[in-house]
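Asker: I'd like to ask some things about the structure below.
The values are calculated or read from the model by the stated rules, or taken from the named source; none is laboratory data. As the structure is a prediction and not an experimental result, all values here were calculated from the model. Note that we place each Cβ from the backbone using ideal geometry, even for glycine, and neighbour counts take in every protein chain shown. Note: areas computed on protein heavy atoms with side chains; ligands, DNA, RNA excluded. Shrake-Rupley method; radii C 1.70, N 1.55, O 1.52, S 1.80 Å.
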Amino acid sequence: PNTLAGQDAIGQAQTGTGKTATFLLTIINELLNNPINPETDGDRFLGETRALVLAPTRELAQQIYQDCLELTKFTELHTVCLLGGTDYETQSKQLHQKFVDIIIATPGRLIDFCFQHHVYLDRLEILVLDEADRMLDMGFINDIKKVLAILPKERQNLLVSATCSDDIKKLADGVLNSPVLIEATTANSTSHKVEQTVHHFDRERKKELLLHLVNKNNWKQVLVFTRTKHGANKLSEALVKDGISSSAIHGNKSQGARTKALDDFKAGNVRVLVATDIAARGIDIDNLPHVINFELPNIAEDYV
């Protein structure tokens, strides 16, 4: 109700609670209720957009884009997804096919398009910063500032986050205008629906334990988090050697390889997906049965 009324808002809730639907439905509702009038807005041009969603990782941006396509299927709204690691020319063509209503993007690629004069944010109406805490962890603050500098002052701002740190509050102060804070769960708490277990173990026998758990319990879908890219590759190779189908996903992999690994895992073709914290946010897998933190994450909130 707050965002539908046009208020700025900070939404803090765990992954899987429907934050994406909240901001997408707000955007869609606003754009459909206030369509562009050809007589008064006749000077609108290609590359200009009305709503922008920024996300920290390509996987999350891609997922928001898919959700947006589902929700706008029976409308005239045109959505474009801009992310690094994918073909620049293809994305450029999508921007110039027809007027763009919604852009979903990772910060770096969006800035590239803005500076190349393919995207115009002069008349943006709604800005969403999704997984804002992750955005700060990944060092996007300067990119965010560059984007904010070219936005109109009059706009609605929504900041969405799984955790609400002091850094987030500081960012909110600079972006939002008298925001309402909506917390769907206690700040920084783990989900009550998840059963948690800890194994105290010698470092050199952790791999052995993981193989034992997966084999003994015949687990079919396991997401394993490691701290480093090298560690993810090494662990995935060890699993394959032991006869367990596995893929690794991290920032050094091409976007095609990352997408394929995730799709194979979701489809059940790969039993174990080994990931760095790139996959810790917003990856939507229905009823994922097992998550293993092979190492504790660098940032405690990523465990949450």
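Asker: Are there any strands (runs of 3 or more DSSP E) wholly within region 211-304 with 1 or more residues that are among the small types (Gly, Ala, Ser), and if so which?
Answerer: Correct list: 246-249, 272-275.
Asker: For residue 145, indicate whether it is open to solvent by 50 Å² or more (accessible area, probe 1.4 Å) and either touching a Cys at 6+ places or on another chain (Cβ under 8 Å) or farther than 26 Å from residue 103 by Cβ (or both).
Answerer: no
Asker: Also, quick follow-up: Test residue 147 against the criterion of being part of a helix (DSSP H, G or I) and under 22 Å from the mean Cα position of the chain (by Cα), and give yes or no. Please lay out each step first, then the result.
Answerer: On the way: part of a helix (DSSP H, G or I): yes; under 22 Å from the mean Cα position of the chain (by Cα): yes.
So residue 147 fits the description; yes.
Asker: I'd like the residue in region 86-107 that is surrounded by 16 or more Cβ atoms within 10 Å (Cβ to Cβ) and touching a Gly at 6+ places or on another chain (Cβ under 8 Å) and, out of all such residues, is nearest to residue 284 (Cα to Cα).
Answerer: Selected residue: 106.
Asker: Here is a further query. For residues in region 79-104 being more than 20 Å from the chain's Cα centre (by Cα) and not in a helix (DSSP H, G or I), which is modelled with the highest pLDDT?
Answerer: Only one residue fits best here, namely 100.
Asker: Have a look at 197, 226, 259 and point out the one that is polar (S, T, N, Q) and open to solvent by less than 50 Å² (accessible area, probe 1.4 Å).
Answerer: Residue meeting the stated conditions: 226.
Residue-wise test of (1) in contact with a strand residue (DSSP E or B) (Cβ under 9 Å, 6 or more places away or on another chain); (2) among the acidic types (Asp, Glu); (3) within 16 Å of residue 24 (Cα to Cα).
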residue: 126; (1), (2), (3): yes, no, yes
residue: 135; (1), (2), (3): yes, no, no
residue: 153; (1), (2), (3): no, no, no
residue: 156; (1), (2), (3): yes, no, yes
residue: 160; (1), (2), (3): yes, no, yes
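Asker: Return the total of residues in region 150-165 being assigned to a loop (DSSP other than H, G, I, E, B), open to solvent by less than 10 Å² (accessible area, probe 1.4 Å) and under 20 Å from residue 5 (Cα atoms).
Answerer: The total comes to 0.
Asker: Which residues, counting only those in region 166-181, are touching a Ser or Thr at 6+ places or on another chain (Cβ under 9 Å) and either under 26 Å from residue 115 (Cβ atoms) or part of a strand (DSSP E or B) (or both)?
Answerer: Of everything in region 166-181, just one residue is touching a Ser or Thr at 6+ places or on another chain (Cβ under 9 Å) and either under 26 Å from residue 115 (Cβ atoms) or part of a strand (DSSP E or B) (or both), namely 180.
Asker: Give just the number: which of (1) open to solvent by 80 Å² or more (accessible area, probe 1.4 Å); (2) in contact with a helix residue (DSSP H, G or I) (Cβ under 6 Å, 6 or more places away or on another chain); (3) within 18 Å of residue 59 (Cα to Cα) does residue 249 not satisfy?
Answerer: Of the numbered conditions (1) open to solvent by 80 Å² or more (accessible area, probe 1.4 Å); (2) in contact with a helix residue (DSSP H, G or I) (Cβ under 6 Å, 6 or more places away or on another chain); (3) within 18 Å of residue 59 (Cα to Cα), the odd one out for residue 249 is (1).
Asker: Let me ask something else. Name the pairs whose Cβ atoms lie under 8 Å apart, with the first residue in region 119-137 and assigned to a strand (DSSP E or B), the second modelled with pLDDT under 90 and not hydrophobic (A, V, I, L, M, F, W, C), and 6 or more positions between them or separate chains?
Answerer: Taking only residues 6 or more apart or on different chains, the pairs are 120/47; 120/48.
Asker: Consider residue 242 carefully, then state whether it is farther than 30 Å from residue 22 by Cβ and in contact with a helix residue (DSSP H, G or I) (Cβ under 9 Å, 6 or more places away or on another chain).
Answerer: yes
Asker: Answer with yes or no whether residue 178 is in contact (Cβ under 8 Å) with a residue 24 or more places away in the chain, out of contact with any Cys (no Cβ under 7 Å at 6 or more places or on another chain) and surrounded by 11 or more Cβ atoms within 10 Å (Cβ to Cβ). Before you say what the answer is, go through the steps one by one.
Answerer: Working: in contact (Cβ under 8 Å) with a residue 24 or more places away in the chain: yes; out of contact with any Cys (no Cβ under 7 Å at 6 or more places or on another chain): yes; surrounded by 11 or more Cβ atoms within 10 Å (Cβ to Cβ): no.
Taking the combined requirement at face value, the residue does not satisfy it.
Asker: Another question, if that's okay. Need the failing condition index for residue 59 against (1) surrounded by fewer than 20 Cβ atoms within 10 Å (Cβ to Cβ); (2) under 18 Å from the mean Cα position of the chain (by Cα); (3) among the acidic types (Asp, Glu), just the number.
Answerer: It fails just one condition, (1).
Asker: Within region 11-38, work out how many residues are of a type outside the set (S, T, N, Q), within 21 Å of residue 61 (Cβ to Cβ) and open to solvent by 40 Å² or more (accessible area, probe 1.4 Å). Lay out the reasoning, then the answer.
Answerer: At the first step, the residues of region 11-38 found to be of a type outside the set (S, T, N, Q) are 11, 13, 16, 18-19, 21, 23-25, 27-28, 30-32, 35-36, 38.
Next cut, within 21 Å of residue 61 (Cβ to Cβ) only: 11, 13, 16, 18-19, 21, 23-25, 27-28, 30-31.
Then drop every residue that is not open to solvent by 40 Å² or more (accessible area, probe 1.4 Å), which leaves 16, 21, 25, 30.
So the count comes out to 4.
Asker: In this structure, is residue 158 over 17 Å from residue 16 (Cα atoms) and modelled with pLDDT of 90 or more?
Answerer: In short, yes.
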